[in-house]
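Reading through the structure tokens given below for one structure.
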Amino acid sequence: MAEIKISLMLKSDACQLAEIDRVVFGGTFKAEDFLNYLESPIYYFNVAKIDEKAVGYIGYMIIAGECDIINVGILPEHRGIGIGNMLMDAMIDELVKSKATCVHLEVRKSNYRAISLYEKYGFKATGVSKNHYKEPTEDALRMSKIF
Ligand SMILES: CC(C)(COP(=O)(O)OP(=O)(O)OC[C@H]1O[C@@H](n2cnc3c(N)ncnc32)[C@H](O)[C@@H]1OP(=O)(O)O)[C@@H](O)C(=O)NCCC(=O)NCCS
């Protein structure tokens, strides 16, 4: 199997991340958005690459020791082989380095794959935001992990 490498996002990754975002999330962020994130010291993007091609990413922000996950997504054809785990490991390493005390996220209540991934990493449900998501409308499960 081809080697999977995790690295911090580079400027040259922006177009590929926008394409992953389009396929996985319907295009929340454009390449320009990823470039803007790169300019800011509070945003972090870890990218999974196979043969130099980006196949997934995790994005998060850290402010005053608190982290919020923005997105984690893997191209459909590369799911189920451990890339989600590798990206979560990379984020946790960064949070330990940054001395973060907690990390929060929101996830569609029906997204059992992502919820299973987060539970595996010690996230606990903390509440529900009613009708948080649109198209289709769905509640968000709020989850947190305390270090
Ligand atoms: C959720 C997602 C990131 C998981 O990535 P992945 O690379 O397929 O995950 P991995 O192969 O590393 O598996 C990691 C864990 O995720 C969970 N998981 C992955 N696929 C699963 C499945 N089909 N059913 C249930 N749990 C699953 C398991 O807990 C798994 O743990 P394991 O390795 O001990 O089995 C991926 O499915 C994805 O990109 N989904 C669409 C985007 C999305 O929903 N993002 C979350 C937004 S909040």
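Backbone geometry of segment 127-135 corresponds, through the Karplus equation with coefficients 6.51, -1.76 and 1.60 at θ = phi - 60°, to 3J(HN,Hα) couplings of x, 10, 9, 5, 6, 5, 9, 10, 6 Hz, x marking Gly and Pro.
In this structure, the residue pairs whose Cα-Cα separation is over 30 Å, taken from Lys5/Lys130; Lys99/Lys134; Lys99/Lys124; Lys49/Lys99; Lys30/Lys130, are Lys5/Lys130; Lys99/Lys134. Here the label points at Asp51 and Asp89, each 7 Å from Cα along the C-beta direction, are separated by 2.3 nm in the simple model. Only protein atoms count toward the accessible area here, which uses a 1.4 Å probe; on segment 101-147, the carbon and sulfur part of that area reaches 52 percent. Once the other residues with Cβ under 15 Å from the Cβ of Ala31 are scored (Lys, Arg +1; Asp, Glu -1), what is the net sum? Value of the local net charge: -3.
Taking a Cβ cut-off of under 12 Å around Asn71, the surrounding Lys, Arg, Asp and Glu residues balance to a net charge of -4, with basic ones at +1 and acidic ones at -1. With a cut-off of 12 Å, note down the residues of segment 29-46 whose backbone N falls inside the zone around a label point 7 Å from the Cα of Glu66 toward its beta carbon. The answer is none, because no backbone nitrogen lies closer than 12 Å to the label point.
Residue separation times 0.36 nm, minus the C-alpha to C-alpha distance between Glu106 and Asn36: what's the value?
Values: separation 70, 0.36 × 70 = 25.20 nm, distance 2.27 nm.
Full extension of this stretch gives 22.9 nm more.
Roll a 1.4 Å probe over the protein chains and send me the accessible area per residue for the chain in Å².
56 Å²
Placing pseudo-labels 7 Å out from each Cα toward the beta carbon at Glu119 and Ile146 gives an inter-label distance of 2.1 nm. Considering helices alone, the calculated mean residue ellipticity of the chain at 222 nm is -9500 deg cm²/dmol, with DSSP H runs of length four and up weighted by -39500 (n - 2.57) and normalised per residue.
Here segment 34-60 is scanned for amide nitrogen atoms under 17 Å from the site 7 Å beyond the Cα of Glu3 along Cα-to-Cβ, giving 47-55.
The values are calculated or read from the model by the stated rules, or taken from the named source; none is laboratory data. Worth saying up front: this structure is predicted, and the values here are computed from it rather than measured. Every residue, glycine as well, gets a Cβ built from its backbone with ideal geometry; the counts of neighbours run over all protein chains shown. SASA here: full protein model, heavy atoms, side chains in, ligands and nucleic acids out. Shrake-Rupley method; radii C 1.70, N 1.55, O 1.52, S 1.80 Å.
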